[in-house]
């Protein structure tokens with residue numbers, strides 16, 4: 001992700017594929033880059049595990065939950081292919097970051 005998009009972004013969905021350990025391993029790098037460009041420790045973010053429709057899970061759900069917890073952000077697992085739970089990140093943002101008056 002280019003710095004210009006990170007600077008312009010207000011909310012971030014950090015996505016990894018549940019069938020790919022490498023995509024999970026680089027989440028911390030992307031998160032740190034976003035925080036650095038935004039010059040803030042408190043950037044609205046959701047961790048998203050994609051491809052939950054597959055039976056070939058490599059990244060354990062517990063690992064993902066622990067990572068999200070360590071960041072203090074919500075985790076959602078969804079499927080872009082089947083659209084299963086694809087609205088969940090937006091629901092989390094609304095609940096966590098948007099105050100409805």
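The values are calculated or read from the model by the stated rules, or taken from the named source; none is laboratory data. Keep in mind it's a predicted model, so treat the numbers as computed, not measured. Here the Cβ is made from the backbone with ideal geometry for all residues, glycine too, and neighbour counts use every protein chain on show.
If you scan segment 44-80, which residues turn out to be within 17 Å of the chain's Cα centre (by Cα), at pLDDT below 85 and either assigned to a loop (DSSP other than H, G, I, E, B) or exposed (fewer than 13 other Cβ atoms within 10 Å of the Cβ) (or both)?
Those that are within 17 Å of the chain's Cα centre (by Cα), at pLDDT below 85 and either assigned to a loop (DSSP other than H, G, I, E, B) or exposed (fewer than 13 other Cβ atoms within 10 Å of the Cβ) (or both): 44, 52, 79, 80.
Of the conditions (1) surrounded by fewer than 11 Cβ atoms within 10 Å (Cβ to Cβ); (2) over 14 Å from residue 71 (Cα atoms); (3) modelled with pLDDT of 90 or more, residue 4 satisfies every one except a single condition; which number is it?
(3)
Looking at segment 22-43, which of its residues are surrounded by 13 or more Cβ atoms within 10 Å (Cβ to Cβ) and assigned to a helix (DSSP H, G or I)?
23, 24, 27, 28, 30, 31, 33, 34, 35, 37, 38, listed by residue number.
Go through segment 44-77 and report how many residues are in contact with a helix residue (DSSP H, G or I) (Cβ under 6 Å, 6 or more places away or on another chain) and either without any contact (Cβ under 8 Å) to a residue 40 or more places away in the chain or over 14 Å from residue 17 (Cβ atoms) (or both).
7
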